[in-house]
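To start, the structure itself, in structure tokens.
Computed from the coordinates by the stated procedures, all read-outs in this text should not be read as laboratory data. For clarity, every value in this text was computed on a predicted model and none was experimentally measured. Backbone-built Cβ (ideal geometry, glycine too); neighbour counts: all protein chains shown.
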């Protein structure tokens with residue numbers, strides 16, 4: 001699949017090993033820090049390869065999405081999505097999600113899921129703009145949270161959408 005951005009042809013493709021190495025070398029650029037480096041596990045390209053996607057132009061990766069198909073429910077699950085800061089607000093993340101949803105549908109998925117931290121306001125805004133609903137019990141700020149989702153004291157926002 002290809003798309004255009006600022007007169008540049010962008011392509012969505014499977015994440016290769018060299019793409020993965022580029023992503024690892026640019027984690028701080030994509031995320032603003034290295035805090036998410038440990039979530040970039042090679043299992044996503046070796047074991048879930050066709051659901052690890054990159055958007056690239058002729059020079060570098062502009063965005064990526066690592067996901068997988070759940071084995072406990074008919075859900076396509078997004079683990080990570082990140083866009084190059086210079087390519088944000090151009091619809092790239094939405095195109096990655098659309099591509100991933102189509103992969104999930106072809107495999108029988110009827111749901112899309114993702115999670116984020118309670119403090120990640122940009123992620124919450126993005127996922128709700130996709131029509132995803134937050135599930136859980138309201139916290140003090142009124143956000144529906146999944147208490148202890150990632151372990152004791154590690155609450156998360158869980159997003160869900162029928163696809």
Discussion item. Can you divide the C-alpha Rg of the chain by 2.2 N^0.38 Å and report the result to two decimal places?
Written reply: 1.02
Worksheet, complete the sentence: Pseudo-spin-label distance residue 122 to residue 147, built 7 Å along Cα→Cβ, given in nm, is 3.1 nm
Discussion item. Nearest 500 deg cm²/dmol is fine: what mean residue ellipticity at 222 nm does the chain get from its DSSP H runs of n ≥ 4 alone, each adding -39,500 (n - 2.57), divided by its residue count?
Written reply: -7000 deg cm²/dmol
Discussion item. Could you work out how much longer the chain between residue 89 and residue 71 gets when fully extended? Use 0.36 nm per residue separation minus the Cα distance between them, nm to one decimal.
Written reply: 3.2 nm
Worksheet item: Do you know the relative contact order of the chain, to the nearest whole percent, from alpha carbon pairs under 8 angstrom that are 6+ apart?
Response: 16 percent
Item to complete: Determine the distance separating the Cα centre of region 53-110 from the Cα centre of region 123-163; give it in Å without decimals.
Response: 19 Å
Worksheet item: Hey, what did region 110-163 get for relative contact order, percent, Cα under 8 Å, at least 6 apart?
Response: 46 percent
Discussion item. Considering all projection directions equally, how large on average is the shadow of the alpha-carbon convex hull of region 110-163, in square nanometres?
Written reply: 3.6 nm²
Practice prompt. Using a 10 Å cut-off on Cβ atoms, rank the peptides 102-114, 49-61 from the highest mean neighbour count down.
Written response: 49-61, 102-114
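Mean separation of Cα pairs under 8 Å and 6+ residues apart, divided by the residue count of region 1-95: what relative contact order is that in percent? Mind dumping the intermediate values first?
Details: 139 pairs, mean separation 23.1, N = 95.
The value is 24 percent.
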Worksheet item: Cα gyration tensor of region 56-139, axes a ≥ b ≥ c as square roots of the eigenvalues: rounded (a/c below 1.5), prolate (a/b > b/c) or oblate?
Response: oblate
Worksheet item: For the residue pair residue 98 and residue 35, what label-to-label distance in nm results when each label sits 7 Å from Cα along the Cα-to-beta-carbon direction?
Response: 3.1 nm
